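A.B. asks: Just dropping this structure here.
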Amino acid sequence: METKIIHPNEINIAIEGIKAGELVAFPTETVYGLGADATNEAAVKSVYIAKGRPSDNPLIVHVSNEEEIRQFVGELPERACKLIASFWPGPLTLIFKLKEDSGLSQVVTGGLSTAAFRMPNNELTLKLIKESGKVLVGPSANTSGLPSPTIAQHVFDDLSGKIYGVLDGGACQVGLESTVLDLSDANNVPVILRPGAITQSQLEAVVGPVIIDNHLMNDSEKPKAPGMKYKHYSPNTPVIMIGQDTQWQEAIDSYKQNNQKVALLVNNEKVKELVNFDVKYKLSETKDVKEAMSHLFAGLRALDLENCDVIFSETYPEKDEGLAYMNRLKKASGGKIYSK
Ligand code: TXA
Ligand code: MG
């Protein structure tokens with residue numbers, strides 16, 4: 001199949017594709033999603049096949065308003081209504097217990113009694129959902145294991161020939177996938193299963209105490225979000241984290257001594273102090289975690305095309321947005337940190 005890049009003014013092509021059970025990637029504020037009608041089992045199955053995704057990893061259902069969730073979940077708990085009022089549309093995914101006869105396919109939920117929902121902050125995609133009359137599954141539109149796509153070209157690079165089209169909405173501003181918050185146990189405190197741009201303290205300001213799933217703090221714990229256990233976000237080039245700001249030049253020199261080709265993923269101010277590397281990708285102008293977050297995946301993809309022996313990457317303290325940034329970078333690097 002020839003994959004179409006669909007311009008915003010051709011959105012009808014995307015809408016017709018979704019209605020016909022085809023796979024259409026869509027833009028969001030976080031990353032591009034691989035869209036299919038969540039109520040069409042055959043279409044959802046083909047999402048797993050196109051991505052090469054393990055079938056026990058459930059999908060997020062993307063909606064254009066709160067009503068679309070109630071058909072699956074029933075009445076929403078009060079704390080959910082508060083979070084929705086504060087953060088939707090936006091980079092927050094909420095996990096709810098499904099009602100008995102929800103009708104949501106096991107192919108979407110991975111056989112769990114809960115499901116994940118999100119309203120993305122992107123006008124084109126909200127229009128796609130409304131005008132197709134379908135709620136959409138939307139895993140990140142990358143081949144499983146590679147960094148998530150933040151421009152339409154990334155989707156095309158991974159999935160060309162395997163999907164009907166990509167609705168091109170330009171670059172995603174947030175650049176990392178949504179915060180996933182588990183609200184499924186009404187008697188318990190909400191749990192962050194995947195950190196994202198909406199931080200623990202932002203959530204707590206709205207609903208009181210929120211905890212972070214143990215596996216995010218302790219590598220030996222089993223994650224509750226099935227997707228968090230898989231290898232992720234890894235380019236083919238080895239990635240090594242630079243833990244201390246003073247180690248950059250030493251790290252570069254140790255590789256150049258062996259005639260290796262070195263790439264840097266770093267802020268522009270730091271790079272001016274460094275010599276002897278081969279390629280750089282600017283994560284931010286001065287050291288800034290939000291800006292770095294939005295360029296991390298694009299940087300990993302761009303540097304991976306340069307045939308280097310190593311990508312050295314900037315680190316941040318694991319708090320607030322830094323928790324999300326480091327969660328993705330640790331996976332991309334397999335936890336490897338530079339030491340002499
Ligand atoms: O920002 C995002 O969330 C993007 C955009 C496209 O919306 N989507 C995305 O989807 O990142 P995906 O499929 O790549 O990641 C969904 C995550 C996985 O880690 C999955 O295991 C978890 O959410 N998840 C989905 N349903 C769940 C459930 N019922 N219980 C626990 N975790 C769940
Ligand atoms: Mg993903």
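The values are calculated or read from the model by the stated rules, or taken from the named source; none is laboratory data. This one's a predicted model, so the numbers in the text were calculated from it and none came from an experiment. Note that we place each Cβ from the backbone using ideal geometry, even for glycine, and neighbour counts take in every protein chain shown.
Matching residues to (1) among the polar types (S, T, N, Q); (2) assigned to a loop (DSSP other than H, G, I, E, B); (3) surrounded by fewer than 21 Cβ atoms within 10 Å (Cβ to Cβ); (4) at positive phi:
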{"residue": "130", "(1), (2), (3), (4)": "no, no, yes, no"}
{"residue": "143", "(1), (2), (3), (4)": "yes, yes, yes, no"}
{"residue": "171", "(1), (2), (3), (4)": "no, yes, yes, no"}
{"residue": "175", "(1), (2), (3), (4)": "no, yes, no, yes"}
{"residue": "202", "(1), (2), (3), (4)": "yes, no, yes, no"}
{"residue": "224", "(1), (2), (3), (4)": "no, yes, yes, no"}
{"residue": "227", "(1), (2), (3), (4)": "no, no, no, no"}
{"residue": "232", "(1), (2), (3), (4)": "no, yes, yes, no"}
{"residue": "236", "(1), (2), (3), (4)": "yes, yes, yes, no"}
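A.B. asks: Additional query: So how many residues does segment 13-39 have that are in contact (Cβ under 8 Å) with a residue 40 or more places away in the chain, of a type outside the set (Asp, Glu) and either assigned to a strand (DSSP E or B) or more than 16 Å from ligand 2 (Cβ to nearest atom) (or both)?
C.D. replies: Qualifying residue count for the region: 15.
A.B. asks: Give the number of residues within segment 128-150 that are among the β-branched types (Val, Ile, Thr) and within 16 Å of ligand 2 (Cβ to nearest atom).
C.D. replies: Matching residues across segment 128-150 total 3.
A.B. asks: Kindly list the number of the only condition in (1) modelled with pLDDT of 95 or more; (2) of a type in the set (Gly, Ala, Ser); (3) surrounded by fewer than 22 Cβ atoms within 10 Å (Cβ to Cβ) that fails for residue 335.
C.D. replies: For residue 335, the exception is condition (1).
A.B. asks: Something else now. Residue check, residue 163 against (1) more than 22 Å from residue 58 (Cβ to Cβ); (2) outside any helix (DSSP H, G or I), all met but one. Which one?
C.D. replies: All conditions pass for residue 163, except number (1).
A.B. asks: Taking residue 103 as meeting all but one of (1) among the small types (Gly, Ala, Ser); (2) modelled with pLDDT under 95; (3) closer than 24 Å to residue 321 by Cα, write down the number of the exception.
C.D. replies: (3)
A.B. asks: Quick check on segment 274-294. Is at least one of its residues touching a Phe, Trp or Tyr at 6+ places or on another chain (Cβ under 7 Å) and of a type in the set (D, E, K, R)?
C.D. replies: no
A.B. asks: Further, regarding this structure: Among the residues of segment 76-114, write down those that are more than 30 Å from residue 7 (Cβ to Cβ), assigned to a strand (DSSP E or B) and within 16 Å of ligand 2 (Cβ to nearest atom).
C.D. replies: 95
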